[in-house]
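The values are calculated or read from the model by the stated rules, or taken from the named source; none is laboratory data. What you see is a predicted model; the values in this text were computed from it and never measured. Neighbour counts run over all protein chains shown; Cβ positions are idealised from the backbone, glycine included. These accessible areas exclude ligands, DNA and RNA; they are computed on the full protein's heavy atoms, side chains included. Shrake-Rupley method; radii C 1.70, N 1.55, O 1.52, S 1.80 Å.
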Amino acid sequence: MGVTDGSVTPVFPTVREVLALDPVRHGAPRLVAGEAGLDRLVRWVHVAEVPDIASLLGGGELVLTTGIGLPADDAGLRAFIGDLADVGVSGLVVELGRRYLDGVPRVMAAAAERRGLPLAELRRATPFVRITEAVHGLIVDAQLTELRATEEIHQRFTELSVEGAGPGEVVRQAAELSGCPVVLENLSRQVLAYDPAGESAELLLDGWEQHSRRIRPAGRTAYDADSGWLVTEVGARGQDWGRLLLRWPAGGDLATVRPRRGAAAPEAHLGRPSPQIVPPTRLTILVERAASTLALGRLIRRDAEGLERQMHRTLLTALLDHSWPVDEVALRAKALGVTLERRHLVGVMIRFRVDGAAAPAGEPGPATPPARLRDLAEAVEHALREARLPALSSAVDDHAVGALVALPDAAAEERALGAFAAALRRARLDGSTASRPDGTPRADGPGRGEASRSEMVGRIDAPSRGDLPRQGARASVPGPPSPVIIAAGSGVGGLREARRSLIEARQIADAARRDRRDLAIFRLPHVGLAGLLHLLRDEPRVQTFVERELGPLLGYDAQHPREQLLDTLRAYLEQGRNKSAAAAAAHLSRPAFYERLARIGRILDVDLDSVDACLSLHVALLALDAVRTP
């Protein structure tokens, strides 16, 4: 540790602290000039008895002298003080008794006051060696402390890199190590993660975007003295995607004094620039190591969600799971640019239908492939942006993309949802989005690791890319209904009720996954009995009813997997007990279909010509679908 860029490091004591040391206090010190400079840092203590000592100094020294070698004339004393001030010494201490008996000359005190140079008298004889030992001991101890802190910073962030810690944990550790508020933002000045370090989060994030845009330090890592923020760019391979900001001072008292380059200082005409206070070196090391950890984590997770969407997902999950207080969710959402307070909120869920060819009837079907779900999430994000709807949006599980839409009032709900549904259909047709989730623009053509326009369509509209007709970028799987379900819960008047709307939307989407109607938005009245059964799917009495009605048939199908009589029963009931239509829907001949129906009747011991019996079986089938829905 030592001098960096011509400045003293933050591990040094101030002149004020030196004057308070016991060896100095033994000399009965009295400050006679330069009180404004008492917080200058003392890099070293130098004993001098010659007038031209300034040429041997490098700045930051506290000069001790008895004055026996100082000039006798006023002009010489002024020049002596001027030379010390020009070279940047921290202060001058004169022991009385050898040259000056009652006090230092007035001309010396006046010159020191004019230059802001602390000048103190020792009115009692004091061995200078004790002062130098005490000050140098402080410096060495502080340097060791700083070295240990720097070592801990490197070790902590190395562990975070190895563990693959997320942005929130990296920011939390940075705040813990520094004791200062830390904010991670993207290039649009949206907050991705933050830790207020015990301060008020509301005050920290209030009007963040406007405040952040005024923080414009020079350099990749630099301190903006006007705002008090230490800032470093976050990114790798020449592609920055955010900034990490640490606010200092935040209760700390260590600083570095550096010349303010290019500043028109009040003392410029005297040849010495005004000082600038900057954060400790360890804080610069800390923010740079934290930024490197964030950039490395981003590279490792380059195929995963963007940080903004991760934060959106975190907030939606927090609402669904009650894992965070709603006030915290509201604050973080506002920092992302989505205001949820005093808004009419509507939960929306978007998921793919279960294709009958892709999963057995009544079975939950496999989880949506991550790439396909990610494309759907991008399409939803693009549709919300096109419809100009502020919302939190992200995949919320392995099957669905959720959104919490914030509207000014309830009257705007139907129009807003209609605009979103139309925009989502257009997004699926052209397969394009304006930008990636992290805010960086997409290239016009497909880049490495990105889907082309036609590939995007295939992922959203088709069960697999292999099923996509190769007839151009706008090709899609023909025939109704739409492969994507949009379900909306009941609008609510506050964030504390948002969970109910989100859960209702999820239940509606799950219940409607086999509904063949091509509705723009599914609401609770559209799913009818299936929706009710979905709400009750965890009820043991519903499950007991299903087993009582269909248990023997399910057992038979388990033993005879090629027959799957449950599909035959489903076709019969869905066609309104029209045997001819049901046989055609099941792709069976009439005799074969009739024989299967008779076998079902014997297995279940029911009359399939009975309206009541068929009604009970149909309800049981709907309940089975609800129980099996993921």
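For the reader, a short list of remarks on this structure follows.
- Residues with amide H under 5 Å from that of LEU192, placed H, sequence gap 5 or more: LEU184, GLU185, ASN186
- Annotation for THR544 and GLN559: the two label points, set 7 Å from Cα along the Cα-Cβ direction, are 2.6 nm apart.
- Full extension of the chain between ASN578 and ARG426 gives 50.9 nm of extra length, using 0.36 nm per residue less the Cα-Cα distance.
- Once all protein chains are placed together, LYS334 keeps about 100 Å² accessible to a 1.4 angstrom probe.
- Student exercise, the stretch 106-165 dipole from Lys, Arg, Asp, Glu Cβ charges, in Debye to nearest 20: 740
- Distance-filtered residues of the stretch 333-352 - backbone nitrogen under 19 Å, label point 7 angstrom along ASP518 Cα→Cβ: 351-352
- Ranking LEU84, LEU64, ALA110 by Cα position along the charge dipole of the stretch 27-132, where only Lys, Arg, Asp and Glu carry charges on their C-beta atoms, puts LEU64 farthest toward the positive end.
- Once the chain from HIS211 to SER188 is taken as fully extended at 0.36 nm per residue, the excess over their C-alpha distance is 7.0 nm.
- Shape category assigned to the stretch 42-89 from the gyration tensor of Cα positions, a/c cut at 1.5: oblate
- Two-site FRET efficiency, GLN155 against ARG388, from Cβ-Cβ distance with R₀ of 45 Å, rounded to 0.05: 0.45
- Loop-located trypsin sites (Lys or Arg not before Pro) in the stretch 532-575 (DSSP state other than H, G, I, E, B) with a sparse environment of at most 10 neighbouring Cβ atoms within 10 Å: ARG562.
- One chain, two ends: SER616 and ALA412. Fully extended at 0.36 nm per residue, the span grows by 69.4 nm beyond their Cα-Cα distance.
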